[in-house]
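Inspection log for the structure reproduced underneath, given as structure tokens.
Only the coordinates and a few stated rules stand behind these numbers; no lab work does. Since the model is a prediction, treat every value here as computed from it, not as a measurement. Here the Cβ is made from the backbone with ideal geometry for all residues, glycine too, and neighbour counts use every protein chain on show.
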Amino acid sequence: MQRHLKQWMLAAAITSVSFSSMAADKQVSVYTTAKDSNQRISLSDTLSLKPAQQYPETDIAVIVNPEIRYQKILGIGGAVTDASAEVFAKLNRKKQDEFLKAYYDNQHGIGYTLLRTTIHSSDFSSGSYTYIKEGDKELKTFSIDHDRKYRLPLVKKVLKAAGGKITTYVSPWSAPAFMKDTNNMLRGGKLLPEYNAAWALYYTKFIKAYEKEGVPIWGLTVQNEPMAKQTWESMIFTAEDERDFLKNHLGPTLQKEGLGDKKIIVWDHNRDLITHRAHTIMGDPDAAKYVWGIGFHWYETWTGGQPMYKNVAEVNRAYPNVNLMLTEATVEKFNPERYQYWPNGERYGDSLINDFNSGAVAWTDWNILLDDKGGPNHVGNFCFSPIHANNKGELIYTPSYYYLGHFSKFIKPEAQRVSAVTSRSVLQTTSFINADNKLATVVMNNSDAAVAYRYYVGNQETNVTIPAHAIQTLVY
């Protein structure tokens, strides 16, 4: 896998300067990642467009119309958790540099532009903690000193590696134990009404403390997974609870504290109940006025069901002026024998294509780095990440990393989704026009056989072949 990464980095360095001239010459650069091959976001072909012909009904086609446009993209990225930061700190300097380039350098990596981090601990921390002493309802002891050892240094390195700017948003998993009816940060429980004001102020103290450290915070979610009673840090907010907390406490408090420009994202849970949450909050003008967007996760599939993309699309139709973003996704049930399990990557590709086609403006993976046990995680909820570090300090790149890269490397903030469809369900596609007018079309083939297809851009076409179990990005 290291050899694959080096090959891809070399190819990226050689070809990155020539995208503009290729577009001017009506040429299409094809980048491919394929199972059972050495191709990892590799330049696999350079094709010329020609005047389009009416194709036979039996041909397979990917049809793109750049003149029909939809939502603009905020960014694609992953989460800097305590776990990621602790694993990163154990790497030697050379591997740390490799890691940062792999994610945040657009020429030698996949160019992440979005970052999520937590307000105090989550399950992907070595233990539970908050930023205040237990019982301090006035927040006089508030301090982010805990984060100075691992998380803040990594966040700052990420900010630098991303060119000094990356859209960063934050999420809480639970209020401090004394603020809840269970007196426990773990296993659900609800916020006690008498602590509504203190908890709302807690967000603002965190944002101000991080910004004082030179880390600009773009926005926040109200509560991670508000309907899940987890064995780790978790807290229940019904739709009505979140609506009322937002309009009566969090929204006004952010404004009072001079943070009214921060973008607020509600729900931050699975696609299954997103419509109910949207109707409840957006149906109240006093709450809706604070909402920038609605976040969602992909874990409604945990019982083996199918992803409920249609629910995201329904919210997009119902509230077209509200931004939708996937705020967390990861492959659970870590098994080191499945580092290179190809369906994990295909799951990412399927979700990214369908979530964007359903109206999402952003997509955020969970941990950017974990160890060879899928942690650290203080409750044993071990998971996969796109990159792992083994006990020798080596980096392991999984298929998910490359599938994510087919989007994040080529689809940049302010890119606008354009009309793109396939004529047969064997292929999936989505397409974007970037601010520099470069078109990036992603095509995915999950089948066991290579597929030849005709690629149409407006009134131009070319012939492309995608290998079995592969993903391509066509840049024009």
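From the Cα gyration tensor of segment 264-309, with a ≥ b ≥ c the square roots of its eigenvalues, which class applies: rounded if a/c is under 1.5, or else prolate if a/b is larger than b/c, or else oblate?
Here segment 264-309 falls in the prolate category.
With runs of 4+ DSSP H residues as the only contributors, calculate the mean residue ellipticity of the chain at 222 nm using -39,500 (n - 2.57) per run, divided by the residue total and rounded to the nearest 500.
Helices in the chain give a 222 nm mean residue ellipticity of -8000 deg cm²/dmol.
Report the extension gain between TYR129 and GLN306 in nm, rounded to one decimal, defined as 0.36 nm multiplied by the number of residues separating them, less their alpha carbon distance.
The span from TYR129 to GLN306 would gain 60.2 nm if fully extended.
Which of the peptides 347-356, 458-467 is most tightly packed, and how do the rest follow, judged by the mean count of other Cβ atoms within 10 Å per residue?
Ranking the peptides 347-356, 458-467 by packing returns 347-356, 458-467.
With labels modelled as points extended 7 Å from the Cα through the Cβ direction, what inter-label distance (nm, one decimal) is found for TYR341 paired with LYS160?
3.7
So in segment 74-410, what percent of DSSP beta bridges are antiparallel if you round to the nearest 5?
So the antiparallel bridges in segment 74-410 amount to around 15 percent.
Of THR58, THR430, how do they rank once you tally other Cβ atoms within 10 Å and put the fewest first?
THR58, THR430
Would you mind calculating the relative contact order of the chain from Cα pairs under 8 angstrom and at least 6 residues apart, reporting the percent as a whole number?
So the answer I get is 23 percent.
Which value in nm describes the separation of the simple spin-label points at VAL426 and THR58, placed 7 Å from the Cα toward the beta carbon?
In this crude spin-label approximation the distance works out to 1.2 nm.
Could you sort the peptides 276-282, 49-55 by per-residue average Cβ neighbour count (10 Å cutoff), highest mean leading?
276-282, 49-55
As an exercise, use a Förster radius of 45 Å and the Cβ-Cβ distance of ALA452 and ASP181 to find the FRET efficiency, rounded to the nearest 0.05.
It comes to 0.15.
Please name which of PRO153, TYR169, GLY305 has its Cα lying farthest along the dipole of segment 74-410 towards the positive end, using unit charges on Cβ (Lys, Arg +1; Asp, Glu -1) and the Cα centre as origin.
Going by the charge dipole, the pick is PRO153.
Does the chain come out rounded, prolate or oblate, given a ≥ b ≥ c as the square roots of the eigenvalues of its C-alpha gyration tensor, rounded meaning a/c under 1.5 and, failing that, prolate meaning a/b above b/c?
Because a/c hits 1.5 or more and a/b exceeds b/c, the chain counts as prolate.
Once the Cβ-Cβ distance between GLU138 and ASN463 is put in as r, and R0 is 60 Å, what FRET efficiency do you end up with, to the nearest 0.05?
Efficiency at R0 = 60 Å is approximately 0.30.
How large is the dipole of segment 147-287 about the Cα centre if only Lys and Arg carry +1 and Asp and Glu carry -1, each at its Cβ, rounded to the nearest 20 debye?
Charge dipole of segment 147-287: 820 debye, to the nearest 20.
Fully extended, how many nm does the chain gain between LYS212 and THR238 (0.36 nm per residue separation, minus their Cα-Cα distance)?
6.0 nm
Can you sort ARG93, ARG151, ARG417, ARG69 from fewest to most other Cβ atoms within 10 Å of each residue's own Cβ?
Ranking ARG93, ARG151, ARG417, ARG69 by Cβ neighbours within 10 Å, fewest first, gives ARG93, ARG69, ARG417, ARG151.
About the Cα centre of the chain, what is the dipole size in debye to 20, counting +1 per Lys and Arg Cβ and -1 per Asp and Glu Cβ, all else neutral?
So the magnitude is around 1060 debye.
Apply the a/c threshold of 1.5 to the C-alpha gyration tensor of segment 224-289 and tell me whether it is rounded, prolate or oblate.
Taking the square roots of the gyration eigenvalues as a ≥ b ≥ c, segment 224-289 is oblate.
Order 255-261, 203-209 from most to least packed using the mean count of other Cβ atoms within 10 Å.
Result, highest mean Cβ count within 10 Å first: 203-209, 255-261.
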